[in-house]
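Written out below as structure tokens is the structure these notes cover.
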Amino acid sequence: MTTHVYHPAMWLYLRMIQYAVIDATRGGRKRPSDEALLARDWIATSSGVGWRDSGYLSFDHCCSVLGLDADPERVALLEQIDRTRDFDTPECWARLEALRAQEIDCPAIFETPRVVPVLDQMCFALEVGA
């Protein structure tokens, strides 16, 4: 019997796939949201490159790290997603193209943190406490 042992960091890759499916299927039968379009596109797009080459984690890379074959996983997940609503409309394709063309705005959380020496931190605390 083969036992698979995953490193805790591998949960990130599994969760990315799970949350992409959740985002793509959320909302029932109504018009797909921008998040749903982008989540489905992330799964559907085959990049074949890792995060170091592209700057983001691709579906293919996540599957590779988890030891999964990306193509059968992609087909199964897209079938599951496409049962929830119709993504193959001219309006959806136009919105997806517009979303792809937008510049990605990374929030401040991903910027390099400002390092403040300990003495300066004490000065900040005195100013705030005064």
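Numerical summary
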| item | result |
| --- | --- |
| Residue within segment 97-114 that is exposed (fewer than 13 other Cβ atoms within 10 Å of the Cβ) and modelled with pLDDT of 90 or more present | yes |
| Cross-chain or 6+ apart pairs with Cβ under 7 Å, segment 79-105 first and among the basic types (Lys, Arg), then not in a helix (DSSP H, G or I) | 85/29; 85/32 |
| Filter result for the condition that a residue is modelled with pLDDT of 85 or more and not in a helix (DSSP H, G or I), over 32, 8 | 32 |
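Conditions (1) exposed (fewer than 12 other Cβ atoms within 10 Å of the Cβ); (2) at pLDDT 90 or above; (3) farther than 23 Å from residue 99 by Cα, marked per residue:
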| position | (1), (2), (3) |
| --- | --- |
| 23 | no, yes, no |
| 44 | no, yes, no |
| 54 | no, no, no |
| 57 | no, no, no |
| 66 | no, no, yes |
| 72 | yes, yes, yes |
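The values are calculated or read from the model by the stated rules, or taken from the named source; none is laboratory data. Just so it is clear, the model here is predicted, and its values are computed rather than measured. Cβ sites come from the backbone with ideal geometry, for glycine too, and all protein chains shown count toward neighbours.
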